[in-house]
Ligand SMILES: Cc1ncc(COP(=O)(O)O)c(C=O)c1O
C-alpha cells in the first residue's frame, strides 16, 4: 500500500497535500504516515495471529518517539541496542516487559539500567558479555533472562554492510561454541537461559536465507534441550525487506509467517520478531526543494536542499530511492544527477535519473526513507538536522523541530585557555 500517492497530479500524504505541508515547514523535512505504520504493523500481527509471539519493533530504524508511540499503541514491544534507545522507548510508553536488548557491546552501566527497568530479555552476543551480565545481575540480586544470539554462518544475500549472519561478521556466538557456552551459562549466578536469537541481516528479499538459518537454529534448540536447557523462546531478529523500486517483490509477511511456522512450530517456543525497516521504511518520504539546476559538460545536475547528511543511504550503501516530483507535469523527461549541497562528490541521491524537467523552487519527494533515514543524519557541514513530521489522515504535526544554528553551535565549548 502506498500512502504517498498522486491524485490529479498532486502528491498527497494520506489526505493532505504534501505541498500544503511544505508551505508551513520549509524544506527539507521527513514526512511519515501513521496509516502506513499501522498497515505494516497489522500485516505482521495478522500473519502471526495463531502463533504465540511478540513483535519488538527494532527502533534503530527510526527512533522518533512519535513513531515508537504509534507502534507501541498498536501493541509493539521494542528491540533496542543502547541505553539511549531504551530510554526513548520507555518515554514513548512501551513497558520494559516488552523490551529486548540486542547489541555486541552492552556495558555494565547499560546492563544495570536495563535490569533496574526489568526488561524482557538480553540477547547475549559473546562469552565476555555473559560473564559481565552475570556479575552485574548477581550484584543486584537479580536474574537476567537471556537468549544467546547465535551466528549460523548463513549468507543473507544482501548488501555486505548490512549482512550480519556470516561467520566473518562480528555478531553472535560462533556456531560451534554455542552448546559449550550454554553449559557454562547454566552454572552462572544471575543468568537464566530462556532461548536463542539470530539476526542474519537487513533488507533480505528472499525467504531462502531465513529458512536456512531458522532450520539450523531449530536443530540447535533440540540439541540444547537434550543438554537439559529449558529453551522456550526463539528470537528470529528482523531483516524482512521492503520494496524500494516498483518492481521489487520482497516476501509477504504471510509467506514469511508460514515458513516460520513450518520450521519452528514443533518446538512450541514463543516467537519474538524484531522488524525495523519493514514497519517504517515505506512510511516515510523526504521532501526537498530544487535550489539550482546546473548544466555540466557531461551531466545535468539538479541541486536540491537535502544532502547526504540528511539521508546517507545512497552514499553509504549505494541505495536506490525513487525520487518523484511532488507536482506532476507534462514536461519532457530529462536525465538528472540529483545532488545535495555538501562538499563531497558522494553527496548524490541519484545519477542519470529520468524525471520530468524541473525548475528552481520545485518540490521533490525521495521515497522509502522512513528506515535508517533521520536516525543516521548528522550536522555535517554545520547543516541543521531536518524536521520530522507525522501525518494522520488530514492532520500533521512536527514531531522533531529543526534546531537553530545557536543550538548546534553552542554544543561546542571554547577551552578556557583559548578565551584568556
Ligand atoms: C539485532 C537486530 N534486530 C533487528 C534489526 C532490524 O532489522 P531490519 O530493519 O532489517 O528489520 C537489526 C538491524 O540491523 C538488528 O541488528
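Residue by residue, here is whether (1) in contact (Cβ under 8 Å) with a residue 24 or more places away in the chain; (2) touching a helix residue (DSSP H, G or I) at 6+ places or on another chain (Cβ under 8 Å); (3) within 16 Å of the ligand (Cβ to nearest atom) holds:
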| position | (1), (2), (3) |
| --- | --- |
| 37 | yes, yes, yes |
| 43 | yes, yes, yes |
| 73 | no, no, no |
| 97 | no, no, no |
| 102 | yes, no, yes |
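For the stretch 357-369, filtered to residues that are over 25 Å from the mean Cα position of the chain (by Cα) and more than 22 Å from residue 383 (Cα to Cα), the residue that is surrounded by the fewest Cβ atoms within 10 Å (Cβ to Cβ) is 359.
Taken as a whole, the structure places residue 201 among residues that are touching a strand residue (DSSP E or B) at 6+ places or on another chain (Cβ under 7 Å), farther than 23 Å from residue 111 by Cβ and within 16 Å of the ligand (Cβ to nearest atom). Can you find a residue in the stretch 300-315 that is at pLDDT below 95 and surrounded by fewer than 19 Cβ atoms within 10 Å (Cβ to Cβ)? No, the stretch 300-315 contains no residue that is at pLDDT below 95 and surrounded by fewer than 19 Cβ atoms within 10 Å (Cβ to Cβ). Screening 161, 166 for residues that are within 16 Å of the ligand (Cβ to nearest atom), assigned to a helix (DSSP H, G or I) and surrounded by fewer than 18 Cβ atoms within 10 Å (Cβ to Cβ) leaves exactly one candidate, 161.
The residues of the stretch 326-356 that are within 25 Å of residue 281 (Cβ to Cβ) and more than 26 Å from the chain's Cα centre (by Cα), listed by number, are 327, 328, 336, 337, 352, 353, 354, 355.
Within the stretch 169-191, being in contact with a strand residue (DSSP E or B) (Cβ under 7 Å, 6 or more places away or on another chain) and either modelled with pLDDT of 95 or more or within 16 Å of the ligand (Cβ to nearest atom) (or both) holds for 169, 171, 172, 173, 178, 181, 182, 185, 186, 190, 191. Tally up the residues in the stretch 279-295 that are surrounded by fewer than 17 Cβ atoms within 10 Å (Cβ to Cβ) and either under 15 Å from the mean Cα position of the chain (by Cα) or without any contact (Cβ under 8 Å) to a residue 12 or more places away in the chain (or both), please. So the count comes out to 2.
The values are calculated or read from the model by the stated rules, or taken from the named source; none is laboratory data. Being a predicted model, the structure only gives us computed values, none of them experimental. Neighbour counts run over all protein chains shown; Cβ positions are idealised from the backbone, glycine included.
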